[in-house]
Amino acid sequence: MLQQTQVKTVIPYFLKVTKRFKTLRSFSNCTENEILKLWEGLGYYRRARNLLKTSKILTKKYNSRLPKSIVEIKNLPGVGNYTANALLGLVHNKPVIAIDGNVKRVLSRIINMQENKIDFNKFVEVNNEKLFSSKRNSDLVEGLMEFGAIICKPKNPICNDCNLNNNCKYFKSSNKIKSVKFRMKKNKNYDVFCYINKKKQIALKKNNELSFLSKFSLPEIRETKKNKKNNSWKFLKSYRNNISNKKLKINLYYKFSNKIPSSFNWYSLEKNEEFIPTFTKKIFRQVSILF
Ligand code: SF4
């Protein structure tokens with residue numbers, strides 16, 4: 001749940017999911033729509049699907065336990081190198097480091113070297129004995145992440161109170177490395193075409209052009225082409241919609257019609273049982289002003 005998302009954002013979702021499902025087995029028996037509904041608003045919905053697939057594999061193949069080999073863990077849906085190492089350290093106390101943005105920043109500051117010049121896997125290998133001497137590997141994995149988020153922060157690290165400042169080259173150096181900035185991707189413009197009817201319904205379909213939402217229900221969406229007018233559609237408004245590091249500009253068009261292409265289905269603008277992603281809900285709100 002925490003992939004690409006801050007802890008404070010995840011907490012209410014985590015509480016909702018763990019309140020609803022008390023065991024891995026009960027979670028593994030839920031439907032995709034149910035987990036997506038609980039996830040609604042958190043974004044990156046692939047995580048929810050992968051979590052569900054993984055829970056099914058763990059209950060069926062591993063008796064609800066996490067396997068101990070990194071190869072098996074990495075075979076679970078949605079688990080890459082970072083998550084596999086985090087799980088190995090946190091669950092099995094293995095001597096590994098989960099290298100995320102926070103950990104990279106801490107390590108690069110300690111040696112005062114730009115992140116893009118460091119081979120972090122080699123760094124861990126070379127410093128293996130020092131890093132894992134306490135055998136509290138699980139605490140180390142968690143501690144490093146927290147340390148990067150709370151003390152060695154991207155902006156204004158709390159160096160004067162930091163227990164590592166005696167050994168930190170960044171702290172001692174007069175020529176400190178610069179922090180790596182989080183970059184938003186460039187603007188992308190999309191035209192969104194909404195069929196609506198007098199019953200306050202909107203037509204949605206799956207398999208659209210937005211790759212990160214392609215499996216969800218959206219109106220027709222196309223990348224905006226210069227000099228191409230959409231005469232048969234009425235323009236409603238333009239607005240910005242940022243999704244994680246993507247900056248989107250949406251041009252919204254609509255048409256009242258009772259006939260829709262066969263790939264579309266009608267959805268109420270007010271209440272739906274099926275999961276609707278936040279991106280689509282925002283479209284609902286814009287279109288609702290027509291009624
Ligand atoms: S002294 Fe400052 S830069 Fe160095 S590890 Fe501590 S908080 Fe980070």
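The values are calculated or read from the model by the stated rules, or taken from the named source; none is laboratory data. Here the structure is a predicted model, which is why all the values come from computation and not from measurement. Glycine also receives a Cβ, built like all others from the backbone with ideal geometry; neighbour counts cover every protein chain displayed.
Check whether at least one residue in the stretch 106-116 is out of contact with any Asp or Glu (no Cβ under 8 Å at 6 or more places or on another chain) and more than 15 Å from the ligand (Cβ to nearest atom), and report yes or no.
Yes; the residues of the stretch 106-116 include at least one that is out of contact with any Asp or Glu (no Cβ under 8 Å at 6 or more places or on another chain) and more than 15 Å from the ligand (Cβ to nearest atom).
Report yes if Asn163 is within 15 Å of the ligand (Cβ to nearest atom), assigned to a loop (DSSP other than H, G, I, E, B) and more than 19 Å from Lys178 (Cβ to Cβ), otherwise no.
It is true that Asn163 is within 15 Å of the ligand (Cβ to nearest atom), assigned to a loop (DSSP other than H, G, I, E, B) and more than 19 Å from Lys178 (Cβ to Cβ).
State whether the residues of the stretch 29-36 include one that is under 30 Å from Lys135 (Cβ atoms), under 20 Å from the mean Cα position of the chain (by Cα) and touching a residue at least 12 places away in the same chain (Cβ under 8 Å).
No, that holds for no residue.
Here's the yes/no breakdown for (1) more than 14 Å from the ligand (Cβ to nearest atom); (2) modelled with pLDDT under 90; (3) assigned to a loop (DSSP other than H, G, I, E, B); (4) not small (Gly, Ala, Ser):
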{"residue": "Ile97", "(1), (2), (3), (4)": "yes, no, yes, yes"}
{"residue": "Val103", "(1), (2), (3), (4)": "no, no, no, yes"}
{"residue": "Gly148", "(1), (2), (3), (4)": "no, no, no, no"}
{"residue": "Lys188", "(1), (2), (3), (4)": "yes, yes, no, yes"}
{"residue": "Tyr195", "(1), (2), (3), (4)": "yes, no, no, yes"}
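Output the residues belonging to the stretch 133-145 that are at pLDDT 90 or above and either away from the ligand (no atom under 16 Å from the Cβ) or surrounded by 13 or more Cβ atoms within 10 Å (Cβ to Cβ) (or both).
If the condition is that a residue be at pLDDT 90 or above and either away from the ligand (no atom under 16 Å from the Cβ) or surrounded by 13 or more Cβ atoms within 10 Å (Cβ to Cβ) (or both), then Arg136, Asn137, Ser138, Asp139, Leu140, Val141, Glu142, Leu144 are the ones that fit.
Within the stretch 35-49, can you find the residues that are under 18 Å from Pro77 (Cα atoms), in a helix (DSSP H, G or I) and not aliphatic (A, V, I, L, M)?
Across the stretch 35-49, the qualifying residues are Trp39, Arg46, Arg47, Arg49.
Checking the condition at pLDDT 90 or above and among the aliphatic types (A, V, I, L, M), which residue from Leu2, Leu36, Leu42 passes?
Criteria check complete, one pass: Leu36.
Considering only residues that are within 6 Å of the ligand (Cβ to nearest atom) and not in a loop (DSSP other than H, G, I, E, B), look in the stretch 166-178 and name the one that is farthest from Gln114 (Cα to Cα).
My answer is Phe171.
Inside the stretch 204-291, counting only strands (runs of 3 or more DSSP E) that do not spill past its ends, which hold 2 or more residues that are polar (S, T, N, Q)?
Passing ranges, in order: 234-243, 265-268.
Among the candidates Lys155, Lys169, which residue alone is within 27 Å of the chain's Cα centre (by Cα) and farther than 21 Å from Val96 by Cα?
Testing whether each residue is within 27 Å of the chain's Cα centre (by Cα) and farther than 21 Å from Val96 by Cα leaves just Lys155.
The rows are residues; the columns are (1) in a loop (DSSP other than H, G, I, E, B); (2) closer than 30 Å to Lys282 by Cβ.
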site	(1), (2)
Leu2	yes, yes
Lys8	no, yes
Cys30	yes, yes
Leu51	no, yes
Lys60	no, no
Ile73	no, no
Thr83	no, yes
